[in-house]
Every structure is written in C-alpha cells, then in structure tokens.
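Notes for the one structure printed next.
Read-outs throughout are calculated quantities, based only on the coordinates presented, and are distinct from any laboratory measurement. Not measured: the values here are computed from a predicted model. In this analysis, Cβ positions are derived from the backbone assuming ideal geometry, glycine residues included, and neighbour counts consider all displayed protein chains.
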Amino acid sequence: MKLYNTLTRKLEEFKPITAQKLSFYACGPTVYDFAHIGHIRAYVFNDTLRRLFEFKGYDVNHVMNITDVGHLSDDADNGEDKMEKGARKYGKTVWDLAQYYTDFFFMSMDGMNILRPKVVCKATDHISEMIELVKILFKKGHAYETKEAVYFDVPSFKDYGKLSGQKGEEKEQAVRDDVYADPEKKHPADFALWFKRIGKFKDHTMHWESPWGDGFPGWHIECSAMSMKYLGKTIDIHTGGIDHIPVHHENEIAQSEAANEVPFVHYWMHYHFLQVEGQKMSKSLGNFFTIEDIKKRGIDPMAFRLLLLQSHYRQPMNFTWQALLATQEAYRKLKAEVKVLRDQIHIMRDFMPDVNLLATFLGFLENDLQTPQAVALLFTMIKSHRTAEEKLSFLTDADALLGLQLLKEEEEIDVIPSEVIDLAKQRNIAKEKKEYAKADELRKQIESKGYKVEDTKGEYTIKKL
Ligand SMILES: [Zn+2]
C-alpha cells in the first residue's frame with residue numbers, strides 16, 4: 001500500500017509499527033458551530049482510509065479528539081476562544097454549546113455512514129494529561145512561563161518546521177503588527193501550552209487549576225497528550241486538513257518529540273478543502289451547508305458520499321448542487337441495478353469470484369486512496385457482461401470499502417420524498433406571507449404523509465413522525 005506522506009513529500013510504501021495493527025489519530029472537530037459539508041469531506045476521507053485497512057485485516061485503533069476548549073480564533077495564540085465566542089453568539093453556556101454541536105457532528109457522521117472512532121476523547125476530559133505533558137516539557141527545557149502564559153520554546157526544538165518546510169525564523173515575518181503579543185514571549189513562533197486566567201482571559205469560563213495558576217490549555221497540547229495516552233509515543237498515521245500543516249501539526253510534533261525523544265508520527269496525511277460554487281463556504285455568503293440541507297432537498301446523503309469519493313482527497317473539490325443532483329441520479333440507478341441483481345439471486349450458486357477485478361479495485365485504493373478510479377471501475381463493472389453472482393460478490397466487497405450502502409434495502413434509507421419537500425417549501429412561503437390557515441393546512445398534509453416540520457429561527461427541518 002502506498003500513501004502520500006506530507007513529512008517526506010512523497011508516496012511511500014506503508015509499513016506498520018506492529019504487523020496487522022494500525023494506530024490512527026484523526027484531528028477532530030472544534031464544537032462551536034455546525035459540522036458542514038466541508039467537514040463531512042474530511043471525515044469521509046478518514047473513514048475510507050480506515051475501511052481500507054480493516055478490509056485488509058488490520059486491527060485499527062482509530063482515535064479522534066473533540067476540541068471543546070482552547071482553540072483560539074486564528075488557530076495560533078491570538079483572538080479569543082472559539083467556544084466562548086460561540087456561546088456568546090448563541091446565548092448558551094460553553095458546556096451546552098459543546099454538547100449541542102457534538103451531537104450535531106455525530107448525527108451528521110452517522111448519516112454519512114462514517115464509522116465512529118474506537119476512542120472519542122474530549123479535551124476537557126484530559127486536562128490532567130496535558131498538565132503532565134507540560135511538566136515534562138519544563139523538565140526537558142522546552143517550556144517557559146511568563147506572567148500571562150506558559151509557552152513552548154520553539155528554538156529549543158531543532159526539528160521545528162520539518163512538516164511544512166517552514167523554519168521557525170520565517171514565522172517572524174508572518175506575525176502581524178496589529179495583533180497583541182505577550183511582551184515576555186521570547187520568539188514569535190513560540191506557542192502557548194497554558195493560558196493563565198488573567199488579562200484578556202480573566203473572564204474565561206472554562207478553567208482549571210495548574211502548577212502555573214488557574215487557566216486553560218492551549219489548543220495544540222490536547223492532540224499530543226491524547227494521542228500519547230491512547231496510542232503510545234509513536235503512531236502510524238495522523239490525519240488533518242492542509243491548513244493544519246504549518247501551525248497545529250508542526251506544534252504537535254514539537255511538543256510530542258521534545259517530550260518523548262522518539263518520532264511522533266510515521267505517516268502524516270492531509271486532505272484538501274471543499275469549496276462551494278468556487279467560493280469559500282461561509283454563512284455570510286449564504287453557501288454554508290450541512291447534511292440537513294442535503295436531506296431537505298430530498299437527496300440521499302449516500303449520493304453525497306459518492307460525489308465526495310469522485311474527487312481525490314489531496315485535490316481541492318468544488319461542490320455544486322447541480323453536480324450533486326446528477327450524482328443522485330447515478331446513485332439511484334446504481335441502487336436499482338443492485339436490486340435487480342438481488343432479485344435474480346436468492347441463493348448464491350457456486351461460482352468463481354473474479355479475483356483480478358477485486359485486485360484492480362483494491363489496487364486503486366492502495367495507491368494513496370484513488371477513490372475516483374475505484375468508483376469508475378464500479379460503474380464499468382455493473383454494466384459489464386458478468387454473471388449476477390460475480391457482480392454481487394464484487395459489490396459486497398466494494399461497498400464495505402466505499403461505505404455507500406449499496407446493498408441496504410431502499411426502505412431502510414431515510415430519504416424524504418420530494419412531494420413532502422415541496423409541501424414544506426409551500427408551507428414556509430405561506431408562513432412568511434402570514435397566511436397561517438394555509439400553512440396549517442399544508443402542515444396537516446405533510447403529517448398525513450408521515451413527516452413533520454420543525455421551525456427554528458426562520459429555518460425549517462423536515463423529520464419523520
Ligand atoms: Zn489536532
């Protein structure tokens with residue numbers, strides 16, 4: 001199996017630390033807002049990677065963190081905690097906010113048929129592990145304390161910058177003049193391990209006791225501490241978005257390797273972003289979409305998964321509704337073909353599975369997860385002149401790898417019929433025009449079809465009764 005390793009900047013043959021075992025850490029979400037379709041792209045990638053290893057008989061220990069404290073708005077040490085900001089914006093407590101968006105995140109992941117990690121670990125549940133790690137960094141001369149915080153001393157770690165190819169000194173120019181910096185910070189690239197609850201953070205709601213006073217951890221230390229706790233000092237694979245390369249992951253390497261004096265990660269894998277109609281997704285542009293928006297349009301989330309798999313994870317992806325609708329059609333046809341096959345076969349007759357076909361399919365995935373080629377082969381295969389048994393046998397394996405629920409019976413899938421979506425749309429228009437009697441009549445019609453509409457702040461969601 002060949003994987004692209006960001007650390008060496010080349011495709012490398014994968015060699016596990018322990019035979020048939022994979023230690024796998026995936027940077028998880030910061031739960032201050034809704035998980036959107038860009039996040040879904042990221043986690044479908046993680047899921048496909050895991051499915052490939054499991055298909056090959058690996059015992060995969062998949063760990064993912066939930067960031068619920070310490071992630072500042074600029075990803076480095078400036079701005080404010082995303083959780084505190086989100087709580088203020090939505091009028092919730094930070095704890096309620098974290099729970100609410102964590103639930104939404106997992107609802108989205110389950111809806112996308114993404115397998116849950118073996119270990120899901122929250123930053124706020126691991127404060128003592130982070131404190132212990134910072135203590136080690138102090139002991140080994142890689143940390144220092146100021147009146148405001150505890151920092152990692154970047155010049156003390158010689159390998160700093162090996163992941164991004166960017167040297168610590170280069171970060172000096174990257175620091176803008178208009179942002180506040182701790183006057184006692186020794187080097188611009190030094191990053192916070194612990195923030196004290198003073199100055200701009202004096203009212204920070206989440207805080208804990210530490211040897212350096214009351215405060216809260218920096219963002220990066222959580223991944224080092226939790227990866228070490230659940231997977232050991234050196235792991236096989238760590239994944240994240242390309243935006244994590246220069247700061248977050250560089251800092252994780254520095255903390256982990258300075259403390260443990262062994263390599264932290266063997267294979268670093270990074271996925272590219274998703275754009276919507278050629279633009280960055282943002283609420284202000286009105287192009288911020290979640291799984292709910294997909295379902296609301298009557299589109300099966302599995303059609304979205306198929307669309308995602310048709311682009312390679314290291315390439316940027318441009319999402320359009322038009323492309324998704326076309327994929328929805330392709331997905332429907334594919335499922336219909338599978339149904340015909342299943343109806344043809346009640347008992348599998350003896351047959352020789354085409355080992356070459358599966359080998360070719362696996363070969364694409366084992367070549368740095370070339371999912372577009374694998375999906376293309378799936379479509380060619382279904383149209384080929386093979387026997388129903390051969391096709392169904394291949395589809396069973398392909399589906400385990402791609403997670404498209406091709407063999408799941410239609411009625412089990414939660415797809416909202418288009419007529420219900422239409423009625424909900426009409427009802428919303430009626431409500432906006434203050435035609436309440438009409439809106440109520442439409443609501444009854446929706447309910448007679450087994451669905452209900454829930455209104456929240458001008459938005460509406462269709463749910464099964
Ligand atoms: Zn991380």
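Could you line up 451, 101 from fewest to most neighbouring Cβ atoms inside 10 Å? Don't jump to the answer; show the numbers that get you there.
Numbers: 451 19, 101 23.
Fewest-to-most Cβ neighbours within 10 Å comes out as 451, 101.
At most 15 other Cβ atoms within 10 Å and a DSSP loop assignment: could you name the trypsin sites (Lys or Arg not before Pro) in region 253-295 that fit? Let's see the in-between values first.
On the way: sites: 280, 283, 295; in loops: 280.
The qualifying sites are 280.
If the only charges are +1 at each Lys and Arg Cβ and -1 at each Asp and Glu Cβ, what is the size of the charge dipole of the chain around the Cα centre, to the nearest 20 debye? Walk me through the numbers before you get to the answer.
Numbers: 64 positive and 71 negative charges, 169 e Å.
That gives the chain a dipole magnitude of about 820 debye.
Once label points are set 7 Å from the Cα along Cα→Cβ at both residue 388 and residue 437, what is their separation, rounded to one decimal in nm?
About 5.6 nm, to one decimal.
Translational diffusion coefficient, Stokes-Einstein: compute it for region 275-412 using the Kirkwood radius over C-alpha pairs as Rh, at 10 °C and 1.306 mPa s, and state it as an integer in µm² s⁻¹.
Details: Rh = 16.4 Å.
Rounded, D is 97 µm²/s.
Need one number: % antiparallel among DSSP beta bridges in the chain, to the nearest 5.
On the way: 23 of 47 bridges.
So the antiparallel bridges amount to about 50 percent of the total.
Considering the dipole of region 2-271 built from charges on the beta carbon (Lys and Arg +1, Asp and Glu -1) around the Cα centre, which of 163, 246, 193 is farthest to its positive end?
Ranked along the dipole, the leading option is 163.
What's the extension gain from residue 288 to residue 358 if we count 0.36 nm per residue and subtract their Cα-Cα distance? Provide the component values of the computation, followed by the final result.
Details: separation 70, 0.36 × 70 = 25.20 nm, distance 3.79 nm.
Working it through step by step, the gained length comes to 21.4 nm.
Over the Cα atoms of the chain, each weighted equally, I'd like the Debye log10 I(q)/I(0) at q = 0.12 Å⁻¹, rounded to two decimals.
Once normalised to I(0) and log-transformed, intensities are -1.11.
Mind listing which GluC sites (Glu not before Pro) in region 269-330 are in a DSSP loop and have 10 or fewer other Cβ atoms within 10 Å? Could the numbers behind the result be given before it?
Values: sites: 277, 292, 329; in loops: 277.
Of the GluC sites (Glu not before Pro), not one in the loops of region 269-330 has a Cβ with at most 10 other Cβ atoms within 10 Å.
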